[in-house]
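Working notes, beginning with the structure itself.
The values are calculated or read from the model by the stated rules, or taken from the named source; none is laboratory data. Bear in mind the structure is a predicted one, so any value in this text is a computation, not a measurement. Cβ coordinates were reconstructed from backbone atoms using ideal geometry, including for glycine residues, and neighbour counts include every protein chain displayed.
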Amino acid sequence: MLTLLAIVATLLSAASLHAGSPHGRWPGAARRAFGRKAIGFAIAGVALAAWIARLGIGAGACAMVLTWMFAFVFLPYAMTLRAGEPR
């Protein structure tokens, strides 16, 4: 259960940070960017704590970064597929 919490929190953190970035493809992503980034980093702290509680410091930090980077790479592709833009 703790692993599921860590995965969901990491993915939500990445989505919030992506929405707050200038490269976010969600409508109105430029507005309230600071708040979205702050929420994203706060959720990242919760996710990191959950990963560390589940796996320990070294493996937990690696799992957090791996899941985070997967989400950061996947989100732009998912938004492009959702928008139906040509490749």
Pairs only if they're at least six apart or on different chains, beta carbon under 8 angstrom, first in segment 43-69 and over 25 Å from Gly20 (Cβ atoms) and of a type outside the set (D, E, K, R), second modelled with pLDDT under 95 and part of a helix (DSSP H, G or I); list them, first residue then second.
Ala53/Leu2
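Of the residues Ala63, Ala53, Ala71, Ala44, which is at pLDDT 85 or above, loosely packed, with under 15 Cβ neighbours inside 10 Å, touching a helix residue (DSSP H, G or I) at 6+ places or on another chain (Cβ under 8 Å) and under 25 Å from Leu5 (Cα atoms)?
Answer to the check: Ala53.
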